[in-house]
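Remarks on the structure that follows.
The values are calculated or read from the model by the stated rules, or taken from the named source; none is laboratory data. All of these numbers come straight from a predicted model, not from anything done at the bench. With ideal geometry, Cβ positions are generated from the backbone for all residues, glycine too; neighbour counts draw on all protein chains shown. Ligands, DNA and RNA are excluded from the accessible area calculation, which covers all protein heavy atoms including side chains. Shrake-Rupley method; radii C 1.70, N 1.55, O 1.52, S 1.80 Å.
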Amino acid sequence: MSEATPLLELASVRAGYGHAEVLHDIDLTVGEGELVAVIGANGAGKSTLLKTIVGLVPVRSGTIAYRGARVATPRPERLVRKGLALVPEGRLLFGPMTVRDNLELGAYGAGRERRAVTTRALARVNELFPVLEERADQPAETLSGGEQQMLAVGRALMSEPRLLLLDEPSLGLAPLVIAEIFSALDELRAQGVTILLVEQDARLALRHADRGSVMRTGRVVLEGPAADLLADESVRTIYLGAWHQEGS
Amino acid sequence: MSEFLQFLVAGLKNGSIYALIALGFTIVYAATGAINFAQGEFFMLGGMLCVSFTDLGMPLPVAAVAAIAATAAIGAAFELLAVRPIAGDSPLRIIMVTIGGAVVLRQLALHFFGPDERALAPFTEGASLKAFGVAVELQTLWIWGLTALAVVALALLYRKTAFGRAMRATAIRRDAARLVGINAGMMVTVAFALAAGLGALAGVAVAPLTQTAFGVGAAIGVKGFAAAILGGIGNPITAVAGGLLLGLLESFAAGYFDPAYKDGVALVVLLVVLFVAPQGLLAKAGRVKV
Ligand SMILES: Nc1ncnc2c1ncn2[C@@H]1O[C@H](COP(=O)(O)OP(=O)(O)OP(=O)(O)O)[C@@H](O)[C@H]1O
Ligand SMILES: [Mg+2]
């Protein structure tokens, strides 16, 4: 473990919807420059975890610290200005708007520096996903699933995040497209972006991660270096369990 | 022929007013998924405030701008005080709150402005223009000009500015808008302010022709709502078309059949549209094209 303060730190976090508590006592740290993967089956609470970090789901107890400072009430519109961006489950694109509009909106939080940030970030996104430049004037809802996922990642990158949260970027995509997206994630890491990745496809996620956490019914049941988790017998069981559920 | 043209002019005059009201319904619907039944009261407030400001000695153009700005501010306050506290609730609850809010605004207007009908001077004095056997009052030209200006300004705001794009994005997907840094709550406040301002503009523009009073909001609200529904609520362009169409339908029904039919047209339009395509009209805000 490094001595430096982690970029993101959750301690005993509880959260949920209405009367139901979904996350019980979550501890999680993400260090600067790391790629951390959170894996788990359907309904384990992975999406809820990411939504809680950005403030789309309220924290009930416990603390979240980002860049060493406690975030008392997380709000997505504020956190994105501080370099924390989420690529949400289901992509949540602005469907009727063009690809370019979607991307430019990604830099909305930059405020007065919007113009400069837009130019700089757009160049980076177009380099990472050249297809988005070709599709610039097309409504986002007319893109293929893979292109939509690239746009969702691209939109989040437009805020020039320091910490990128991704919710199942591989979901429903063909292997080639998945490979393209994950190689983009590797490239982003090389550029210094810290990544917290949620995936059902444990093998895929752990192959790209430094560390991993396994979630089950709202708790972290196992964590450690990604390589160790890949070799772990119980992870294989969970992974296969998830596979069966998906296949049924 | 000249009779037809006269009906056409009258229809497009009222239709422009309905279009502005319908735009107000549309903007709030896009932002909240709810119908703002206080929209007609903003029309009333615009006219009444403008009359009151001229009473205080303000020149008409200043009074008109002040009345529109004040009504927009009242719209924003209305959202913050009445709608914001229940934000995230079902649209139905927001609708109930706007109905209650309309009653409150009307009673406040009665209290401050009194029960009398008030008149506003025309924006420009002068005889009606005559062409092809039709007379067009100068105030009608003002109504058309101001409506066109408002529609163009709104289109530019939505299409060409980052702020307008953010408003559209919020209407399409509120959570995603927040994720890119848009203050979604503020966008709803702005939507109410814009809707109120448009309603006030209509109220100011038409006051020299019709007189105004504290109670004129409800009737115009129904007309504007029918126009918005006719245009398939949620789309500003078709809302304007819906307003113009309703104005024309009324004018021709009254002209060629019986003047008594005029006010019934809006209700017939509402019923017919709701029967024929209710799901298309009460579609979710997610499908809104702004
Ligand atoms: N909006 C909501 N309201 C109520 N309960 C919810 C809501 N969203 C999720 N839940 C519940 O919270 C639990 C965790 O859901 P969550 O979406 O976080 O799981 P997940 O691990 O992301 O699953 P998946 O892999 O299917 O995306 C589930 O039991 C789910 O039913
Ligand atoms: Mg999920």
Checklist entry - Looking only at residues in segment B:163-185 that are under 20 Å from A:GLU113 (Cβ atoms) and more than 7 Å from every other protein chain (Cβ to nearest Cβ), which one is nearest to the chain's Cα centre (by Cα)? => result B:GLY164
Checklist entry - Which residues, counting only those in segment A:88-123, are surrounded by 16 or more Cβ atoms within 10 Å (Cβ to Cβ) and more than 9 Å from every other protein chain (Cβ to nearest Cβ)? => result A:GLU89, A:THR98, A:VAL99, A:ARG100, A:LEU103, A:VAL117, A:THR118, A:ALA121, A:LEU122
Next on the checklist: Out of A:LEU151, A:LEU206, A:LEU164, I need the residue that is modelled with pLDDT of 95 or more and touching a strand residue (DSSP E or B) at 6+ places or on another chain (Cβ under 8 Å). Which one?
Outcome noted: A:LEU164
Checklist entry - What about A:ALA116, is it away from ligand 1 (no atom under 16 Å from the Cβ), free of Cβ contacts under 8 Å to residues at least 24 places away in the same chain and among the hydrophobic types (A, V, I, L, M, F, W, C)? => result yes
Checklist entry - What residue, among those in segment A:193-214 that are assigned to a strand (DSSP E or B) and of a type outside the set (Gly, Ala, Ser), is nearest to ligand 2 (Cβ to nearest atom)? => result A:VAL198
Next on the checklist: Within segment B:88-110, does at least one residue satisfy the condition of being in contact with a Ser or Thr (Cβ under 6 Å, 6 or more places away or on another chain) and open to solvent by 60 Å² or more (accessible area, probe 1.4 Å)?
Outcome noted: no
Checklist outcome for this item: Of the listed residues (A:ASP186, A:ASP167), the one being in contact with a helix residue (DSSP H, G or I) (Cβ under 9 Å, 6 or more places away or on another chain) and within 15 Å of ligand 1 (Cβ to nearest atom) is A:ASP167
Next on the checklist: Tell me whether segment A:110-120 contains one or more residues that are touching a Leu at 6+ places or on another chain (Cβ under 6 Å) and modelled with pLDDT of 95 or more.
Outcome noted: no
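Conditions tested, residue by residue: (1) under 28 Å from A:LEU204 (Cβ atoms); (2) modelled with pLDDT under 95; (3) open to solvent by less than 40 Å² (accessible area, probe 1.4 Å); (4) more than 16 Å from ligand 2 (Cβ to nearest atom).
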| site | (1), (2), (3), (4) |
| --- | --- |
| A:THR5 | no, yes, no, yes |
| A:LEU10 | yes, no, yes, yes |
| A:HIS19 | no, yes, no, yes |
| A:ASP27 | yes, no, no, yes |
| A:ALA37 | yes, no, yes, no |
| A:ASN42 | yes, yes, no, no |
| A:LEU50 | yes, no, yes, no |
| A:THR63 | no, no, no, yes |
| A:ALA85 | yes, no, yes, yes |
